[in-house]
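Right, one structure below, let's go through it.
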Amino acid sequence: MNNYKNAGFIPSNNKIIQHLHIRMDNENSPIESVITQIQNLYNFDTQCFDFSDKIIINECLSRLIHAFQHNQTSQNNSFLINFIIILLNSVNDDMNIIESALYLSSYFIKSNTFGYDELLPALLSTSICFIKTHQISILTCINALEDQKFYDVIVQTDATQQVIELIEENNFLPEHFLFLSLCVTKMNFFEEKLLSFGLKYHQEIFGIHLLSSLASVNKINLELLSNVVEFHLLNPNRENAESLLTILNLFALQFPNFFQSFENFFPLFFNYFDICNDAEKVMHLDIIYLLIPFYSIKLISFIHKVVIESISFSFILIAKICDVLFIFLQEVDLNYTDNFICLETFNVFERLLNLDDPRISIKMSEIVSVLVDINPQLVKSVLAKCTLYQTLESLMSSENEYICSFSKSAIKKINEEDEYDDDDEF
């Protein structure tokens with residue numbers, strides 16, 4: 001802990017004295033009363049704090065934590081940061097004091113909580129000294145990664161190596177893996193041991209998250225993760241969904257042939273959709289979108305299923321389904337499009353158009369136009385059995401110029417096909 005005392009990280013006592021003489025306009029507020037209590041611990045004769053009364057110190061720290069948890073702020077942040085730094089470097093025989101001080105340090109370091117202070121790098125480096133002895137210090141390190149100003153401190157204090165050693169000693173929390181994952185994605189940090197950690201613990205949420213972080217910045221060979229992907233598809237767990245989908249998205253972008261060699265991949269992947277939340281469902285559909293040029297026929301049943309179910313989804317998810325269907329109709333062999341030109345899907349299309357969402361209305365109008373191009377006769381026969389055409393007509397008078405334009409385009413295309421039919425009859 002004392003290794004950094006002479007490295008410019010510990011502020012001088014003159015700074016403390018300077019803040020002691022600041023007049024506090026809100027002295028009666030709870031947090032300012034705590035600051036007054038802390039100021040009373042300062043001995044002007046010795047120019048240092050009196051930390052002999054552990055009960056008082058614990059009380060001050062508890063009151064500060066309570067104030068921060070209730071979003072109270074102070075104009076005396078520099079004074080408090082100074083106090084915590086000196087406290088951490090002075091008291092080493094009271095677990096409660098150290099852990100409370102480290103907890104407070106995580107609040108100060110967190111971006112946008114209290115604003116930036118020139119003493120925060122000193123607070124961070126002091127907190128990092130406790131990584132191996134007090135696990136709570138990892139919270140400060142995680143919060144520090146929100147701001148690039150702290151990256152140099154993390155490097156200089158060798159925080160990543162200390163965390164790696166904790167994992168090797170089997171003395172770690174999931175938060176230690178999260179810290180390493182953030183270092184990978186934010187600081188471009190990499191060491192071979194990270195891959196071995198991820199593979200060893202891939203069944204845990206923190207293990208597969210580390211692997212997805214490594215994969216997302218091209219730090220590992222994706223082929224090494226094929227067994228990981230297979231395990232998680234066979235053992236679906238929503239907690240791991242985001243990480244697994246991140247990895248699968250990279251496979252779809254870089255190695256689409258991987259899915260051909262994976263027996264039963266598509267049924268397993270389709271079932272995985274049902275355990276996902278909305279954000280993860282969008283990620284799932286992004287992968288479907290990428291795979292359409294390679295596996296359009298294999299995807300027909302799933303795309304049809306989500307189109308039929310789409311009316312119960314959120315707007316953002318419906319919009320993504322529309323994107324998937326639009327690209328699918330342009331890629332798939334015409335013989336396989338009839339599944340989407342039927343009364344069941346057209347009734348869904350009409351309900352989607354009536355949602356009064358510009359994005360969805362425009363996308364649905366485009367889809368109808370594409371279907372007319374594909375099989376005009378079948379489209380007309382289905383339109384005769386439902387009110388989709390009338391709904392499109394009503395949108396032509398929409399106040400939204402884009403909805404109006406796209407619906408007019410769809411109606412025009414349908415009517416053009418009618419004219420062609422009349423000419424043929426003549």
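Bear in mind these aren't lab numbers, they're just calculated from the coordinates by the rules spelled out. In this text, all values refer to a predicted model and were calculated from it rather than measured experimentally. Note: ideal-geometry Cβ built from the backbone for every residue, glycine included; neighbour counts use all protein chains shown.
On the beta carbon distance between ASN40 and TYR116, with R0 = 45 Å, the FRET formula returns roughly 0.95.
Over every pair of different alpha-carbon atoms in the chain, take the mean of 1/r and invert it; report that Kirkwood radius in Å. About 26.2 Å, per the Kirkwood formula over Cα pairs.
Taking label positions 7 Å along the Cα-Cβ direction at both ASN257 and ALA279, the computed distance is 3.5 nm, reported to one decimal. Across the options VAL91, ILE136, MET187, the greatest Cα extent toward the positive end of the charge dipole of the chain (unit charges at beta carbon of Lys, Arg, Asp, Glu) belongs to VAL91.
Cα extents for the range 174-276 along the principal axes, largest to smallest and rounded to whole angstrom: 36, 25, 21. Electrostatic bookkeeping for LYS298 treats Lys and Arg as +1 and Asp and Glu as -1; over the other residues with beta carbon under 15 Å from its beta carbon, the sum is -2. Here the dipole of the chain is about 1320 debye; that uses its Cα centre as origin and unit charges on the Cβ of Lys and Arg (positive) and Asp and Glu (negative). A crude spin-label estimate for the pair THR387 and ASP94, with each label 7 Å from Cα along the Cβ direction, gives 7.5 nm.
Per-residue extension of 0.36 nm, minus the Cα-Cα distance of GLU401 and ASN335, leaves a gain of 20.3 nm for this segment. A full extension of the chain between CYS48 and GLN161 corresponds to an added length of 37.3 nm, given 0.36 nm per residue minus the alpha carbon distance. Over the range 299-426, the hull volume per residue, using the convex hull of the C-alpha atoms, is 97 Å³. In the chain, helices alone account for a calculated mean residue ellipticity at 222 nm of -21000 deg cm²/dmol, with every DSSP H run of four or more residues adding -39,500 (n - 2.57). Counted without the sites themselves, the longest stretch of the chain free of trypsin sites (Lys or Arg not before Pro) in a DSSP loop having at most 14 other beta carbon atoms within 10 Å is 133-384.
Distances over 17 Å make up what percent of all Cα-Cα pairs in the range 60-185? The proportion of pairs with Cα distances above 17 Å equals 54 percent.
Hydrodynamic estimate: the Kirkwood radius of the range 334-398 over Cα pairs, inserted into Stokes-Einstein at 25 °C and 0.890 mPa s, corresponds to D of 206 µm²/s.
In terms of Cα atoms, the Rg and Dmax of the range 127-203 work out to 11.6, 34 Å.
The Cα-based radius of gyration and maximum Cα-Cα distance (Dmax) for the range 220-297 are 11.4, 31 Å.
Summing Lys and Arg as +1 and Asp and Glu as -1 over all other residues whose Cβ lies under 12 Å from the Cβ of ASN277 gives a net charge of -3. Out of every Cα pair in the range 308-350, what percent are spaced more than 14 Å from each other? Percent of Cα pairs beyond 14 Å in the range 308-350: 53.
Taking amide H as placed 1.01 Å from N in the peptide plane, PHE49 has its amide H under 5 Å from the amide H of ASN43, each at least 5 places away in sequence or on another chain. Compared with the direct C-alpha span, the chain from GLU59 to ASN171 gains 37.3 nm at full extension, assuming 0.36 nm per residue.
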